[in-house]
């Protein structure tokens, strides 16, 4: 039973991971919320590359070269370099969005992904905030801004994800709680200000 619980926690941790949750949120936002946009597939491609493809290749490369010990980058000291590179990737994605004349909401996602990654990077110098919870709750904030209160039911998954990260000994309770609260609050405030929604 102990082994099964661990496997279930690991499954939850991968299913509700940043490289899965973020692109799923972007897919809904672009294909439903911006379905009439002429270049919506181009917008989605930029968001997908910045949120999933680039991070996956980056972390895979760092793991292969021994710069990180595991794909979840469990050790705080190993997070600085990938976070720095991800900041640059999101800024590059933001520039692509500007060139595509994307809606302000969509370009703002990448801009504030970069800003928030810097925030996480600075926090990481002293403390280990949960990136899983930060990414999940900030994605819910985006969906809330796009679709309204119906998106908030997704917050019911927060305790489950918190449990999985704690169960896997990747974080303690406060690291997951702070990640979830700050992720939602910061992204909501940033995009609301940016778009004037």
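The values are calculated or read from the model by the stated rules, or taken from the named source; none is laboratory data. Note that the coordinates shown come from a computational prediction; the quantities given were computed from them, not determined experimentally. Virtual Cβ from ideal backbone geometry, glycine too; neighbours counted across all protein chains shown.
Some observations on this one:
- Flag for residue 9 being at pLDDT 80 or above and farther than 23 Å from residue 169 by Cα: no
- The set of residues in the range 1-37 being under 26 Å from residue 163 (Cβ atoms), touching a helix residue (DSSP H, G or I) at 6+ places or on another chain (Cβ under 8 Å) and not in a helix (DSSP H, G or I) consists of 16, 17.
- Residue 15, sole failed condition from (1) under 19 Å from the mean Cα position of the chain (by Cα); (2) modelled with pLDDT of 90 or more; (3) surrounded by 14 or more Cβ atoms within 10 Å (Cβ to Cβ): (3)
- The selection criterion, being in contact (Cβ under 8 Å) with a residue 24 or more places away in the chain and over 13 Å from the mean Cα position of the chain (by Cα), does not hold for residue 156.
- Residue match in the range 46-62 (condition: free of Cβ contacts under 8 Å to residues at least 24 places away in the same chain, under 29 Å from residue 174 (Cβ atoms) and not in a helix (DSSP H, G or I)): no
- Every residue from the range 125-142 that is closer than 19 Å to residue 162 by Cβ and part of a helix (DSSP H, G or I): 131, 132, 133, 134, 135, 136, 137, 138, 139, 140, 141
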